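Written out below as structure tokens is the structure these notes cover.
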Amino acid sequence: MPSFSLIQRQVIESPLDSKLFVSGSAGTGKTSAGVERMRYLLSQGVRGDSILMLTPQRTLQEPYLDLLYSPERKAGGEVTPATIGGLARRMVDLFWPIAAEAAGFANPDQPPVFLTLETAQYYMAHLVRPLLDEGYFESVTIDRNRLYSQIIDNLNKAAVIGFPHTDIGSRLDSSYFGDPAQRRVYADAQDCANRFRQYCLDHNLLDFSLQLDIFANTLWSQEIVRDYLIRNYRHLIYDNVEEDGPRAHDILRDWLPSFDSALLIYDEGAGFRYFLGADVQTGWALRELCDEHVVLQESFVMSADIADMSDALVEAIVPDIERKTKDERNNNALSIITSRFYPELLDAVVDEVQRLLTENLHPSSFILHPSDIVILAPYLSDALRFSITNRLEARNIPWRSHRPSRSLRDEPASHALITLAALAHPHWNIHPPKFDVAYALMQSIGGLDLIRAQLLTEIIYRQRDLQLSIFDQIKPDVQERITFTLGNRYSILRDWILAYRESEQLPLDHFFRRLFGEVLSQVGFGYHDNFDSVRVAASLVESVKKFRISLDLTGFGNLSGLGKEYIQMLQDGVIAASYVESWKTEDKDAILVAPAHTFLMMNKPVTVQFWLDPGSSGWYERLSQPLTHPYVLSRSWEAGRMWSDADDVQYSKEAMARLISGLLRRCRERVYLGIAELGESGYEQRGELLRAFQKVL
């Protein structure tokens, strides 16, 4: 068992009737104390099923689940890991007769259908697509899938913040000063939100926003529901309080006095999920209801040099006359890698990664493992991801990558599966182009490169009738060029597809499971030892399954063509829901390549960080979201106040300072800054983060 400080022990072994609010910056051992507190409760005879463990998102529960699923755990009731959204869904499902009648569902005697982000976008597209032809959102130039997701995001924010969904348009409109055409956009967004909510009520559909609204507005006030929750859950552990929304904090404010014991853990300087409605102020206010406020100050992660650099950068970004400054600052924890062109920079970064993995970081240090290193950028484009990972693979350096908001359509592993599904279902009348088939073969057959995959596809694939010819009919010299080993693997895949065409058709998720299990996961095929592809495939199967269940329950669409419906939905670029499988830490030791915000939400400390594109505006600028606004649609925003350029600058600086300090608090030894004179887009780098580093240096 790891050793703990005296103050951590105080938290862990506090009385079984105490309510503690524990705060501190990242790396001070708050979550470690929370996990050990859970172990202590169980060891003291507290029933597992009387403990509620809350986090803002499921991926933050991993340290607690490691304990709950470990062999050392004694037999007994199960602790309930949940989010407020997950708890809302359970209560709506359990108390559906009460919820259905109070919320005004058209068919209260029928069961509810819970939607994922993907299925919500599907139904939203069904409603909004005809309106676009009528002239809605004429002045907006964004992809349709982004348009659908921003309307859903507005509904989610209304539920998370706690205001009526009918006020979305007026809130956005009252803060806007500019082109009058934008006011029409807000009116269109409000109308679409209203139509979607009514459609959900008419068809027993519950997206996240409706689940949370019903739980907070209807069920939470019902005595039978409160009694059920209070009777079942006597002990609370609530981690990352600051990343949750005001509505969650409101419910906990009412609920907290009823718990026998509670441990609330608050990460100072965080609130990275502000764009999803996180509110640090309402989270901080919960300390008033606790018996004691414990502050953890000693960092178990940051070295003194990293802490010094963090203070200096935050001071340079958002100057504060009250903040203590130092006359001299060392830069022992910072290394700068420079080049003129971007490809040269990536070469130098990977060279340094390889050096770190084979040499000591400094004389007193140990040799690093790949999992001790992350390569971060504000955004991780397909080109950048490929360029980095291709260089790492060339050096035999293991890597993994995660981009949670990315559509499943854009992931090579899922794109290959979708192409193979189209080939196996000719009656869908989906004819993949030759390049897609070549790419699918390259992804599916181990050892097949793109050049030979394209050569093979040109010979064996007829797009018009979806025919796949046999390898033996290819000219001998071409067979030798492709190699008989790869040709044999292609033949196995082809025979499987043709045999499936003649058999009884399966639901799409069953088809993917069978294809993966019988062919693609076998030795010699592309998914056998590619764990990144396996994770994507698992997310795809889960997505298809939920889509099928949703449409099956509602009777929406042609049930025999659900697979085709799903493929077409993905081709529209629907944004992927968050799947726990894709966030899980891999067993193997691998370098993480990810966007900076994604790494923060993983909440994992590392020894070395590489920051690419410090001159990019992505470190501080908000994404362009013409239909929504994370700051205006927040509880702290004053109603009717105009959003100005000064607000934009101030909030951007604060967001960047929060991001930078969050990254550094999860870094033990060193940060490498990768600077190319001409950035990824070919322009000279002059961003705000680069200016902050220049001030510090």
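The values are calculated or read from the model by the stated rules, or taken from the named source; none is laboratory data. Computed from a prediction, not measured in an experiment: that's the story for all the values here. Note that each Cβ is placed from the backbone with ideal geometry, even for glycine, and that neighbours are counted across all protein chains shown. In case anyone asks, the SASA skips ligands and DNA or RNA and just uses the protein heavy atoms, side chains included. Shrake-Rupley method; radii C 1.70, N 1.55, O 1.52, S 1.80 Å.
Residues that are open to solvent by less than 60 Å² (accessible area, probe 1.4 Å) and under 24 Å from the mean Cα position of the chain (by Cα) within segment 194-214 comprise Leu205, Leu206, Asp207, Ser209, Leu210, Gln211, Leu212, Asp213, listed in sequence order.
Taken together, the criteria place Ile474 among residues that are hydrophobic (A, V, I, L, M, F, W, C), buried (at least 17 other Cβ atoms within 10 Å of the Cβ) and more than 30 Å from Leu551 (Cβ to Cβ).
Contact map, segment 1-25: first residue on the phi > 0 side of the Ramachandran plot, second residue open to solvent by less than 40 Å² (accessible area, probe 1.4 Å), Cβ cut-off under 7 Å, separation 6 or more or different chains; pairs are Gly24/Lys30; Gly24/Leu296. Within segment 113-164, the residues that satisfy the criterion of being over 27 Å from Trp96 (Cβ atoms) and part of a loop (DSSP other than H, G, I, E, B) are Glu134, Gly135, Tyr136, Phe137, Glu138, Ser139, Val140, Thr141, Ile142, Asp143.
All of (1) closer than 20 Å to Phe300 by Cα; (2) in contact with a Ser or Thr (Cβ under 7 Å, 6 or more places away or on another chain); (3) surrounded by 19 or more Cβ atoms within 10 Å (Cβ to Cβ) hold for Pro63 with one exception: (3). Pairing residues of segment 635-646 that are exposed (fewer than 11 other Cβ atoms within 10 Å of the Cβ) with residues that are small (Gly, Ala, Ser) and assigned to a helix (DSSP H, G or I), at Cβ distances under 7 Å and at least 6 apart in sequence or on separate chains, gives Gly640/Ser174. For segment 256-263, the criterion of being free of Cβ contacts under 8 Å to residues at least 60 places away in the same chain, surrounded by fewer than 21 Cβ atoms within 10 Å (Cβ to Cβ) and farther than 24 Å from Glu36 by Cα is met by none of the residues.
For segment 218-255, what are the residues that are free of Cβ contacts under 8 Å to residues at least 12 places away in the same chain and either among the polar types (S, T, N, Q) or within 19 Å of Ala159 (Cβ to Cβ) (or both)? Residue satisfying the conditions is Ser221 alone. Meeting the requirement of 3 or more residues that are at pLDDT 95 or above and under 19 Å from Ile152 (Cβ atoms), the helices (runs of 4 or more DSSP H) wholly within segment 165-217 are 180-203, 208-214.
Against the numbered list (1) of a type in the set (S, T, N, Q); (2) under 30 Å from Phe208 (Cα atoms); (3) open to solvent by 10 Å² or more (accessible area, probe 1.4 Å), Ser43 comes up short only at (2). Within segment 600-658, being of a type in the set (Gly, Ala, Ser), outside any helix (DSSP H, G or I) and closer than 27 Å to Ala158 by Cβ holds for Ser624, Ser634, Ser636, Ala639, Gly640, Ser644. The set of residues from segment 25-40 being surrounded by fewer than 19 Cβ atoms within 10 Å (Cβ to Cβ) and under 23 Å from the mean Cα position of the chain (by Cα) comprises just one member, Ser32.
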